[in-house]
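Colleague: The structure is given below, and queries will be raised subsequently.
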Amino acid sequence: MAGPMSERQMSERQNAMRDGLRAAAAVAGMPDLEIVLPQDHDVILGRLRFHYLDWGGPGRVPVVFLHGGGLTAHTWDLVCLRLREEYRCLAPDARGHGDTEWSREMDYAPRAHAADVELFVQKLGLDRPVLVGMSMGGATAVTYAQQHGLRALVIIDTGPAIRAEGGQKIINFMRAPAEFASLDDAIAAAMAFNPRRDPALLRRSLEHNLMKLPTGSLTWKYDRRHYGMLDDPAHRARRDEIWSGVGAIQCPTLVVRGGQSEVFPAEAALDFARRLPDGRLAEVPNAGHTVQGDNPRDLATEISVFLKEVVAA
């Protein structure tokens, strides 16, 4: 087992991470960003150890970013870099993802994720945060918002009605054989799934989402055991129950759709925004389902404009 890193190794690692962020920002059309690194933290919530990123700014309005299935907190890096001067940006790895522990019971239902968010908010003493949730994280945020007061809510590329073919495509990818001889092989597989992604941005993202097996090959960090249950009737019933309660969400809510999304049709996004008591709609161009990965610059702009309108600093 490798021992703790020396100060020199730690410095080299941080420099490499800064260089990676700087290169990713340039590729994303965000070369003006001040490149800083978030603080990595671990916290015990219930029976699980959770990892999260804290981009600083204590005392500012807290914004908690919830990633989609199969992703990690680092999917939000460029968005958080854009927003960190205005808000305290926090991004946890969900249970069974990234560097957070896996559920012993394989409980990955939206209500379990929402309960984790409740504990996270309590543990960090966050006063009525803003939640930003994409896909799985969007369902988590909606579940939480039905029971708790928020300053505002942003739901990205998901809602009560999604396109079945697009959703099934994602499930099939997450169920597919997942051992890669190298990072380049993992990038090739991910590019085949989503050709919109820039390889340089994807490389940096996947560096945080792969782990080495005893054989030396790489595999995803997320718990893949439960993905066989995503299309069973019980899962669909739980999903319908969650989305049927969106009328209870009273805070200002921005529904964001990727302009080229195969999962969230334009008419479904518009209908969702209209069903919310204080809903509005934005569409991010040149983006599919993974909006923050495909076009982080324009997504950050939409979130910033919305929060300036509805959230008092």
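Each value in this text was obtained by applying a stated rule to the coordinates, not by laboratory testing. The shown structure was predicted, so the numbers you read here are calculated from the model rather than taken from an experiment. Using ideal geometry, Cβ is built from the backbone for each residue, glycine included, and neighbour counts are taken over all protein chains shown.
Colleague: I want to verify a result. In a Gaussian network model of the chain, Cα cutoff 10 Å, which of these has the top mean-square fluctuation: GLU302, GLU105, GLU207?
Modeller: Between GLU302, GLU105, GLU207, it is GLU105 that shows the largest mean-square fluctuation.
Colleague: Which value, in debye to the nearest 20, gives the size of the charge dipole of the chain about its Cα centre, when Lys and Arg are +1 and Asp and Glu are -1 at the Cβ?
Modeller: 260 debye
Colleague: Further, regarding this structure: How far is it, in nm, from the label point at LYS123 to the one at GLN250 when both lie 7 Å from their Cα along the line to the Cβ?
Modeller: 2.9 nm
Colleague: Here's another thing I want to ask about it. So in the chain, which Cys have no other cysteine's beta-carbon sitting under 4.7 angstrom from theirs?
Modeller: When partners are defined as cysteine Cβ atoms under 4.7 Å apart, the chain leaves CYS251 without one.
Colleague: Please state the charge dipole magnitude for region 13-85, taken about the Cα centre, from unit charges on C-beta atoms (+1 on K and R, -1 on D and E), reported in debye and rounded to the nearest 20.
Modeller: 180 debye
Colleague: Which of GLN260, ALA24, ALA178 sits farthest toward the positive end of the charge dipole of the chain, with +1 on the Cβ of Lys and Arg and -1 on the Cβ of Asp and Glu?
Modeller: Farthest towards the positive pole: ALA178.
Colleague: Lysines within cross-link reach of LYS169: Cα-Cα under 27 Å, excluding same-chain residues under 8 positions apart?
Modeller: Straight-distance partners of LYS169: LYS212, LYS221.
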